[in-house]
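A.B. asks: Let me give you the structure first, and then I'll get to my questions.
The values are calculated or read from the model by the stated rules, or taken from the named source; none is laboratory data. This one's a predicted model, so the numbers in the text were calculated from it and none came from an experiment. Cβ placement follows ideal geometry from the backbone for every residue including glycine, while neighbour counts extend to all protein chains displayed.
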Amino acid sequence: MKYLDPKSDYLFKRLFAENPNLLIDLLNAVLPLEDPIANIEYLPNELTPHEQDAKLSIVDVRCVDGFGRHFIVEMQMAFQTFLHKRMMYNASKVLSRQLSKTQKYDEIGNVYTLCFIDEVAEKGIEDWFHHYVVTHKKYGERQMYGMEWFFIELGKWKKNSNFIQYEKQFLWLTFLSEPSKIPDMLSPAELAKFNEISDALDIVKATNFTEAQINGMEKYLDEVRSYQTAFAQAEKMKKEALEEGLKKGLEQGLEQGLEQGLEKGLQQGIQQGIQQGIQQGMQQGIQQGTKTLESALSDLKAGISIEEVAGKYSLEKSYVAFLYQQFIS
């Protein structure tokens with residue numbers, strides 16, 4: 001038996017916007033609700049216009065249950081960078097539209113958003129189930145109640161699913177990912193225990209649709225996957241270009257740094273050499289002058305005339321005469 005992909009926009013609507021029992025069973029299976037949903041009422045989809053591009057379209061179903069809780073259920077085939085903001089925007093609109101002029105704020109029902117994503121969205125972590133709430137920045141246990149968001153990454157779940165028992169959550173996620181696997185896992189008798197799963201499988205049987213309808217759904221999914229492939233390739237090329245640019249930048253920076261360092265070192269070396277030469281010259285000059293003075297005084301003491309001493313050491317006669325007067329006579 002061939003089963004069609006329930007993630008296509010047409011089938012997702014057919015399954016969950018026309019069969020409240022399936023939607024209730026899905027929500028109770030995947031969401032950690034304190035009180036299970038017993039009944040629902042569908043709400044109109046008027047929050048935001050859907051994307052015109054089929055590759056970016058978002059299929060959603062909205063309902064409210066007997067406790068006044070509102071639910072937004074989405075199937076998103078291609079991840080979008082603005083996903084979180086769009087989901088917060090939609091949830092806030094559902095929250096605000098509940099309040100009429102005669103109602104009070106405490107009568108507003110909580111809004112739960114459940115988004116299935118057919119690829120890896122939360123990179124860097126292994127978890128495929130994500131639960132977001134509004135919490136205190138310092139005290140995480142303090143929470144503002146009213147809106148909660150749930151993300152299920154089907155792409156990551158398929159790689160990490162290791163359920164031992166066939167629980168409802170596992171079966172629904174398997175159905176959304178690869179419905180043909182369920183008849184292989186469960187016998188007809190076992191499958192009969194899960195009425196909603198069995199009904200969902202009956203809906204997506206290929207025999208229920210014309211060839212034109214099947215071709216249309218397959219074309220839609222092919223466009224989405226082609227977009228996903230192109231987007232992933234673009235991200236890869238962007239990363240490679242960034243790494244290459246960083247590598248070249250480091251190499252160029254290192255080369256320039258070496259050149260500048262050598263030039264600066266040469267300048268500093270010349271400057272230090274000059275200073276050291278001056279100091280050494282001064283020391284040598286002082287030493288030489290001291291030695292000449294000692295030799296001139298020695299000759300004067302030996303009786304050599306002032307004129308001879310001055311000529312011998314290239315000194316001024318007046319200076320030699322001064323030395324004679326100070327140290328000899």
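A.B. asks: Among the residues of the range 133-156, is there at least one that is assigned to a helix (DSSP H, G or I) and touching a helix residue (DSSP H, G or I) at 6+ places or on another chain (Cβ under 7 Å)? Let's see the steps before the verdict.
C.D. replies: First, pick out the residues of the range 133-156 that are assigned to a helix (DSSP H, G or I): 154-156.
This time we only want the ones that are touching a helix residue (DSSP H, G or I) at 6+ places or on another chain (Cβ under 7 Å), so: 154.
Yes, because at least one residue in the range 133-156 is assigned to a helix (DSSP H, G or I) and touching a helix residue (DSSP H, G or I) at 6+ places or on another chain (Cβ under 7 Å).
A.B. asks: Next question, about the same structure. Where the second residue is surrounded by fewer than 20 Cβ atoms within 10 Å (Cβ to Cβ) and not aromatic (F, W, Y) and the first is over 29 Å from V64 (Cβ atoms) and lies in the range 138-157, which pairs have Cβ atoms under 7 Å and are six or more apart or on separate chains?
C.D. replies: So the pair list comes out as G155/E119; G155/V120; K156/V120.
A.B. asks: Has the range 116-126 got any residue that is within 20 Å of Y42 (Cβ to Cβ), outside any helix (DSSP H, G or I) and modelled with pLDDT of 90 or more? Show your work before the answer.
C.D. replies: From the range 116-126, those within 20 Å of Y42 (Cβ to Cβ) are 116; that's our starting set.
When the remaining residues are screened for being outside any helix (DSSP H, G or I), the result is 116.
With the extra rule that they be modelled with pLDDT of 90 or more, the set shrinks to 116.
Yes, the range 116-126 contains a residue that is within 20 Å of Y42 (Cβ to Cβ), outside any helix (DSSP H, G or I) and modelled with pLDDT of 90 or more.
A.B. asks: Hey, another quick one. Quick one: how many residues across the range 95-115 are of a type outside the set (A, V, I, L, M), free of Cβ contacts under 8 Å to residues at least 40 places away in the same chain and part of a loop (DSSP other than H, G, I, E, B)?
C.D. replies: 7
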